[in-house]
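Here's the structure we're looking at; comments come further down.
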Amino acid sequence: MVSNAVRAQVAAKWQESFTRLNRSEPGISGLMAFSDAWTLATEFLKPRDLNDPKPRRQYDNRRVRMAFDTINKCRRLPVMMEVFLEDLHNSQYLIAREVESHMNLYSETSDPVIVRALIFRLVEWYNAWSPPAEQIIFYRLGQTIISAYMLSFQTHLFSVLPASFARGVKSLVAATLLGTVSPPSDQRDSALWHAFDMLRLVERYETLIASVGYEYIESHVHETCAGAWSEPMLPKLRAWMLEKIVPWMIWPFARGATNAEEAKTMMQGVGSRFEFHMHKTLCDLRTKEMFDIIVDFPDSVPALNDLKECLQRVDQRAELVQSLRRANRKRLLHPGADTKDILLQYVSTIKCLRIVDPPGVLLFKVADPIRRYLRYRPDTIRCIVASLVGDGESGDSLIDDSEPIHPLQQPEVENYADPEWIPEPVDAGPDFRANKTSDIISTLVSIYDSKDLFIKELQVLLAQRLLALKDGNLDRERRNVEILKIRFGESALQVCEVMLRDMTDSRRIDQHVQSQKPNVMHPTIISRHFWPALEVSDMVMPGQFQDLQEQYAKEFSSFKPDKVLRWHPHLGRIHLELELDDRTVEADVPPLEAAFIELFSEKNTWTVDELITRVGKVTRSAALKALGTWVDMRLLKEESENVFRLLSVAEDVTEDATPKLGMASLREDLPPVISVQQQQAEQMRVYWKFIEGMLTNLGSLGLDRIQAMLKLAPGYDRTIEQLANFMEAAKREGLVTVKDGLWKLGK
Amino acid sequence: MKVRVKHWSAVAQWRWNTGNNNNNDNYAAADDEGDVCGICRVPYEGCCPTCKMPGDDCPLIWGQCSHVYHMHCLLKWLGTPTSKQQCPMDRRPWVTAERKVNNNHTGNEAP
Amino acid sequence: MSSSPGISAFPKNDSNLFEWAGTIEGAPGTIYASLAFRISISFPSNYPYSAPTIKFETPCYHPNVDINGGAICLDILQDKWSAVYSVQTVLLSLQSLLGEPNNASPLNPDAANLWSNPEAFKVQLMKHYRPLDGSA
């Protein structure tokens, strides 16, 4: 049952609503007008299908304005907004359909132009459905309606965008950088960025857009800088960033900036990330290329300077060390590589890393394995020494002629009192030794514990060169010795001085001998003990050669009455003229060859054994090699095995005449000077006496102490590692025992 | 066949003719150890501790007692009071021998 | 540094080559047989033109050796020194001095007196002797 009171209340409410809608119009005309306005406004706002071919209904702006006015006065705007959003919601399948059709097409073609078209189309939808700001903005609710629309539109849009859309955006953004999709009139494609902004896509895809920048920078760096080491690339890259990346960044990262200053501030974060990325990419690239950059030194100096700058911004030092060590292991430190090449690469590494990292920490870490490897190569010293004396057989020298000649440098002890002192870099290891001042030669020599090995090898090399000297011109060797004196010290080169003086003395003596009694012999007379051990030979020169030796020795002793000569008959060379029945042959041969052919002037046919008996002790292979020389010159013929006959008259060589000797002539010419290695094995026996005496009188000693004491022994040049091996061998033989690192004599 | 030697670059080493190391020489003995100076224990063909160049710059000295030293070593010894002007080897008064050139060495240099 | 049995010597350290340590064993058949003595050798700067100074570090009961300081009375280490003497010749002389003392100029008169009585002498010798412990 309805009470009157309720009825009255309903009547009052109804009256109030009616009054609001009808306002104070007569009758229900106000209500009618509201109804018309509502119909017009909702119709006006209703989202329409852009794809509907029917032309859009034209509205009278004034009437639309009035309609909104009426609704506002009736305070029905909030309701109208709800209805609008509901309509919007119901129409959104249209957008979904549009997105779907575009993205299907994109999936097929991967053409960013389709994505671009979709974005512009979405903007069209957005604009078409947007409540007309100019009509409603004056009302209290105006702004709310626009915001609600934006939110609703975007929420729905994002809900219908497929996963492929992000990919599409990425390719589209990349295309804006390449300028492939932008209209020629708008290279930077501001229209597109406006569209992005309008749809709020920039916020949504900010990370994605940045990644496009990173990737673009990467590919540009790789394209332009890979292998391009001979010019500085960093300035070019920076210019490129300014010209290409920074303007592009303005739209996505500085939109809404009102002036350049503001834009700069807005772009600062992403800008420095891009710049870092550019440096890092170049740094990575150069790190990967480092081995070849070193090979290319000095042409690659600009690349090294770039790398230095990159390393100051990007902490990639450890990676550089690892990568280079890996490359060295793979490409350099293996049995197939020539020692000379390893040394060359090492020297270049030194020079290159000094540019990249002047304090030398990187060099120390990279050089360590190279040095350890070189130490175990048997011909390392020989190669370094050959380079020292400019024995440029292969052109490339380890040493620049321009490099000033310094005495060898010892590693410096840190002087903390020096006001210039700076601490070692943080990544320096505990065994790091700053190598600030050392020149290349000091660095190479310091591969070994002792420079004595170098001195020895120098002496051997000098001896070989002096004995092989043809023109008698000593200037070059003299200059070498002078240079080496500066490096190794006067006393170390004393022996070389004696060798040089022997050379000049020999010449002087020879001049005197020749003036007394001319002789075709011109010997080099050496001072024993000052020349490296020469290969010993028991050979005796036959016939006229012995006469020549005796005559010369006699003249020598009458010039130097208190001295006599001893010959090294197997050394030297002899120039001969051989007069045969039908021809005369000239030959420049070693003494053994000369001795044999001399014997063939006694009789025409010899067996190998007869020949060997006549010249004393020579090995069979040496004899066959010497005979082979004459066979090759068609002076001898192997009649039957081991029987040789002089060809007094030239004969045609039959095909099978020579092969028997073929292998004998393959024998390598041994240098007349005994190698350092051979000498070392011999010496170690002598040093055992030292060690024995030491352990007898000083009790048990550590290896360091034994090594220090052995250095007292003349000519001792073994490393502590070599000594350790030797002591282990002595232990196996029961000569010594070791306990807690202390060695003592075995009982 | 006639063999004519046009030029011979040979290698030899010099030795002091101490009169007792070359009596039955042959050419092969070029690398034997050789005698040392009794005072400094350096080979005769080396040089005494104060010299750098061997040979004529650091000659030997012969005593009538037949003992031979580096000249510098012996003179230094004779300069000490302990020496009493005696040969350090046999303690007989030191008398320097005249070197007899062209004494009839057997062997290689003067047949 | 010795090729003779029972004698050897070596520099004490690598920084001073003038100070050596040596070992002498008594020759077989003498009263010192199988006893080893440590000695110190100090070379003068003008060696070999002056004799080295040699002392017994191991107490040595011997007519020509000072039992307290280890000083030795041996003519070749004094006025009979010759520049041709090597460490080896000196050590050999010392080794033979052990078995054949010069009782005419004793540094240890007790030992000189006792020399003719080998048993009593050996008792004194062993009373003073200290074997080497293998570390100098």
Mind counting the residues in segment A:304-318 that are open to solvent by 10 Å² or more (accessible area, probe 1.4 Å) and assigned to a helix (DSSP H, G or I)?
8
Select, from A:Ser107, A:Ser152, A:Ser182, the only residue that is out of contact with any Leu (no Cβ under 8 Å at 6 or more places or on another chain) and either in a helix (DSSP H, G or I) or of a type outside the set (A, V, I, L, M) (or both).
A:Ser107
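Which one of these is of a type in the set (Lys, Arg), assigned to a strand (DSSP E or B) and either more than 9 Å from every other protein chain (Cβ to nearest Cβ) or open to solvent by less than 10 Å² (accessible area, probe 1.4 Å) (or both): A:Arg614, A:Arg566?
Numbers: A:Arg614 fails: assigned to a strand (DSSP E or B).
Just a single option satisfies the conditions, and that option is A:Arg566.
Is it true that A:Phe596 is assigned to a helix (DSSP H, G or I) and under 25 Å from A:Leu466 (Cβ atoms)?
Working: assigned to a helix (DSSP H, G or I): yes; under 25 Å from A:Leu466 (Cβ atoms): no.
Answer is no for this residue.
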Selection status of A:Glu231, surrounded by 16 or more Cβ atoms within 10 Å (Cβ to Cβ), acidic (Asp, Glu) and under 34 Å from the mean Cα position of the chain (by Cα):
no
Of the residues that make up segment C:31-41, is at least one modelled with pLDDT under 90, among the hydroxyl-bearing types (Ser, Thr, Tyr) and more than 15 Å from A:Met694 (Cβ to Cβ)?
yes
Can you find a residue in segment C:62-73 that is out of contact with any helix residue (DSSP H, G or I) (no Cβ under 8 Å at 6 or more places or on another chain) and under 30 Å from B:Leu75 (Cβ atoms)?
no
Among the residues of segment C:1-31, count how many are more than 10 Å from chain A (Cβ to nearest Cβ), open to solvent by 60 Å² or more (accessible area, probe 1.4 Å) and aliphatic (A, V, I, L, M).
0
Exactly one of these conditions fails for A:Pro112: (1) under 30 Å from A:Ala175 (Cβ atoms); (2) at pLDDT below 85; (3) surrounded by fewer than 17 Cβ atoms within 10 Å (Cβ to Cβ). Give me its number.
(3)
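Going by the structure shown, is A:Ile674 at pLDDT 85 or above and touching a strand residue (DSSP E or B) at 6+ places or on another chain (Cβ under 9 Å)? Working first, answer last.
Numbers: at pLDDT 85 or above: no; touching a strand residue (DSSP E or B) at 6+ places or on another chain (Cβ under 9 Å): yes.
Answer is no for this residue.
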Hey, could you check segment A:531-562 for residues that are charged (D, E, K, R) and facing another protein chain (nearest Cβ under 8 Å) and say which is least open to solvent (accessible area, probe 1.4 Å)?
A:Lys560
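For residues that are of a type in the set (Asp, Glu) and touching a residue at least 24 places away in the same chain (Cβ under 8 Å), scanning just segment A:356-387, find the one that is surrounded by the fewest Cβ atoms within 10 Å (Cβ to Cβ).
Keep residues of segment A:356-387 that are of a type in the set (Asp, Glu), which gives A:357, A:368, A:379.
Checking the rest, the ones that are also touching a residue at least 24 places away in the same chain (Cβ under 8 Å) come to A:357, A:379.
Values: A:Asp357: 23, A:Asp379: 14.
The qualifying residue surrounded by the fewest Cβ atoms within 10 Å (Cβ to Cβ) is A:Asp379.
Could you say whether any residue in segment A:449-458 is outside any helix (DSSP H, G or I), polar (S, T, N, Q), facing chain B (nearest Cβ under 9 Å) and in contact (Cβ under 8 Å) with a residue 40 or more places away in the chain?
Of all residues in segment A:449-458, those outside any helix (DSSP H, G or I) come to A:449-451.
Filter once more, so that each one left must be polar (S, T, N, Q): A:450.
With facing chain B (nearest Cβ under 9 Å) added as a condition, the list becomes none.
No, segment A:449-458 contains no residue that is outside any helix (DSSP H, G or I), polar (S, T, N, Q), facing chain B (nearest Cβ under 9 Å) and in contact (Cβ under 8 Å) with a residue 40 or more places away in the chain.
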Within segment B:83-109, which residues are at pLDDT 90 or above and within 14 Å of chain A (Cβ to nearest Cβ)?
B:Thr96
If A:Asn519 satisfies all but one of (1) open to solvent by less than 10 Å² (accessible area, probe 1.4 Å); (2) more than 8 Å from chain B (Cβ to nearest Cβ), what's the number of the condition it fails?
(1)
So C:Leu125 fits all but one of (1) buried (at least 19 other Cβ atoms within 10 Å of the Cβ); (2) without any contact (Cβ under 8 Å) to a residue 40 or more places away in the chain; (3) hydrophobic (A, V, I, L, M, F, W, C); what number is the exception?
(2)
Could you figure out which of (1) farther than 20 Å from A:Arg313 by Cα; (2) open to solvent by less than 30 Å² (accessible area, probe 1.4 Å) isn't true of A:Ala260?
(2)
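Return the total of residues in segment A:571-589 being open to solvent by 40 Å² or more (accessible area, probe 1.4 Å) and either at the interface with chain B (Cβ under 7 Å from one of its Cβ atoms) or not β-branched (Val, Ile, Thr) (or both).
The initial filter retains those residues of segment A:571-589 that are open to solvent by 40 Å² or more (accessible area, probe 1.4 Å), namely A:573, A:575, A:579, A:581-584, A:586, A:588.
Restricting the remaining residues to those that are either at the interface with chain B (Cβ under 7 Å from one of its Cβ atoms) or not β-branched (Val, Ile, Thr) (or both) gives A:573, A:575, A:579, A:581-583, A:586, A:588.
Total satisfying the criteria: 8.
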In segment A:456-500, what residues are in contact with a His (Cβ under 9 Å, 6 or more places away or on another chain) and not aliphatic (A, V, I, L, M)?
A:Gly472, A:Arg487
Can you give me the number of residues within segment A:24-62 that are more than 22 Å from A:Tyr149 (Cβ to Cβ) and surrounded by 13 or more Cβ atoms within 10 Å (Cβ to Cβ)?
9
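Conditions tested, residue by residue: (1) within 11 Å of chain B (Cβ to nearest Cβ); (2) of a type in the set (S, T, N, Q); (3) surrounded by fewer than 18 Cβ atoms within 10 Å (Cβ to Cβ).
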site	(1), (2), (3)
C:Leu35	no, no, no
C:Ser45	no, yes, yes
C:Pro52	no, no, no
C:Glu57	no, no, yes
C:Asn64	no, yes, no
C:Gly69	no, no, yes
C:Trp81	yes, no, no
C:Ser86	yes, yes, yes
C:Leu94	no, no, no
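Tell me the residue from A:Leu50, A:Leu85 that is hydrophobic (A, V, I, L, M, F, W, C) and in a loop (DSSP other than H, G, I, E, B), please.
Details: A:Leu85 fails: in a loop (DSSP other than H, G, I, E, B).
Of the residues listed, the single one that is hydrophobic (A, V, I, L, M, F, W, C) and in a loop (DSSP other than H, G, I, E, B) is A:Leu50.
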Check on A:Phe138, within 30 Å of A:Gln58 (Cβ to Cβ), assigned by TED's automatic domain parsing to the domain that holds A:Arg65, among the aromatic types (Phe, Trp, Tyr) and at pLDDT 85 or above
no
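The values are calculated or read from the model by the stated rules, or taken from the named source; none is laboratory data. For clarity, every value in this text was computed on a predicted model and none was experimentally measured. As a convention, Cβ positions derive from the backbone with ideal geometry for all residues, glycine included, and neighbour counts pool all protein chains shown. With ligands, DNA and RNA removed, areas are computed over all heavy atoms of the protein, side chains included. Shrake-Rupley method; radii C 1.70, N 1.55, O 1.52, S 1.80 Å.
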